[in-house]
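Where a number appears in this text, it was derived from the coordinates with a stated rule and is not lab data. Values in this document were obtained by computation on a predicted structure and should not be read as measured data. Here the Cβ is made from the backbone with ideal geometry for all residues, glycine too, and neighbour counts use every protein chain on show.
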Amino acid sequence: MRVKICGVTDERDRDAAVAAGADALGFISGVPVETPRELTAGRAAALVDGVAPFVTTVLVTAPDSVGEAVTRQEQVGADVVQVHGEFPPAAVGGLREQVQAGVVVAVDSTTDRAAAYATAGDGLLVDSTTEEGMGGTGETHDWQRTRDLVSAIDTPVVLAGGLTPENVRAAVETVDPFAVDVASGVERRPGEKKNDAVRQFVAEATGGSP
């Protein structure tokens, strides 16, 4: 089981997440909602540049166009672009052709369109989202529905939405996703990670010990 720690905002939390065994780190830049996890492209690039080898860096963004997403990715230089919002499958395919990075599409857990994105990107992130199409709600969703999606498509599925150290093991057992993603579930306060919670989350998700 792979683990992504999202909404990383500083070097301390970045390095602590790597030390805890995280496989991927998410840096939020260019989203239409106010969030303490938002970074400028320059700040995100600096944090990405300091990530240890073999840990995947993810730009989390909600662009208005393919061009905007390409520009943001060129500025940040992440390994993967995770796009949120109303981004049609054709636009995802266009983005995939223009960036030297993987492309993951965030879809709401209640949408029937998830399968339409399965071949457009390199992965799907299934989340509980706001009206703006952003995650970070801290709310879980119907895991069985996501399990059915995992069984129906070949594209890797990342499970997000309300995950915590207390429930992630049950989520993994129910859904059997490619990876799990957490932001608010391991925070002391919005934008600041609680390192003990990060270690516990990774351990519970992977079946190891903190």
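Things to note:
- Mean ellipticity per residue at 222 nm, deg cm²/dmol - from DSSP H runs of n ≥ 4 across the chain, formula -39500 (n - 2.57): -10000 deg cm²/dmol
- FRET efficiency, ASN195 to GLN75 (Cβ-Cβ, R0 30 Å, nearest 0.05): 0.55
- The range 1-40 and the range 163-210: distance between their alpha carbon centers, rounded to Å: 13 Å
- A simple count of charges around GLY77, restricted to other residues whose Cβ falls under 13 Å of its Cβ and scoring Lys, Arg +1 and Asp, Glu -1, yields -1.
- The 3J(HN,Hα) values that the Karplus relation (6.51, -1.76, 1.60; θ = phi - 60°) gives for the range 195-206 are, in residue order, 4, 4, 5, 4, 4, 5, 4, 4, 5, 5, 5, 9 Hz. Gly and Pro appear as x.
- Calculated FRET value between GLN100 and ASP15, using beta carbons and R₀ = 25 Å, to 0.05: 0.45
- Extension gain (nm, one decimal) between ALA46 and ASP142, 0.36 nm per residue minus Cα-Cα: 30.9 nm
- The range 68-122: projected area of the alpha-carbon convex hull, averaged over directions, in nm²: 3.6 nm²
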